[in-house]
Amino acid sequence: MKQFSYIGYLEHKIEHDDLTDKVMSLKEKYDKGEKALFSEVSSLLKDWLTNHILGTDKKYTPFFNSKGIY
Ligand SMILES: [Fe+2]
């Protein structure tokens, strides 16, 4: 994205960074002994798949296709 100056790079990176923060927060909970995290993990993954991968990620397809990347 940076290499091709994708205009939505920063917003995209923020979403990825937010996911990283949430995963690290869940890991901290797990490491502290909170093992019943299925609901939180499931919700996080569902949100990521439906909103980010099927939404945000799909937005850059035409841009990169126009750069010869498929
Ligand atoms: Fe992404």
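Taken together, the values in this text are just the output of simple stated rules run on the coordinates, not laboratory data. Keep in mind the model is a prediction, meaning the values are calculated, not measured. Positions of Cβ are generated from backbone atoms using ideal geometry, with glycine treated the same way; all protein chains shown enter the neighbour counts.
Binning the C-alpha pair distances of the chain at 5 Å intervals from 0 yields a P(r) profile of 4, 14, 20, 19, 14, 11, 8, 6, 3, 1 %, listed from the shortest bin outward.
Any idea which of LEU19, LEU45, ILE7 is furthest toward the positive side of the dipole for the chain, if Lys and Arg beta-carbons carry +1 and Asp and Glu beta-carbons -1? The listed residue farthest towards the positive side: ILE7. Below 15 angstrom from the Cβ of MET1, what's the summed charge of the other residues (Lys, Arg +1; Asp, Glu -1)? Local charge sum for MET1: +1.
The magnitude of the dipole of the chain, with charges of +1 and -1 set on the Cβ of Lys/Arg and Asp/Glu and taken from the Cα centre, is near 240 debye. Determine, for the stretch 9-66, the count of lysine pairs separated by eight or more sequence positions (or lying on different chains) whose alpha-carbon distance falls under 24 Å. Within the stretch 9-66, the lysine pair count is 16. ILE53 sits among other residues whose Cβ lies under 12 Å from its own Cβ, and their net charge, with Lys and Arg +1 and Asp and Glu -1, is 0. In plain terms, the residue of LEU45, LEU19 with the fewest other Cβ atoms within 10 Å comes first and the most crowded comes last, giving LEU45, LEU19.
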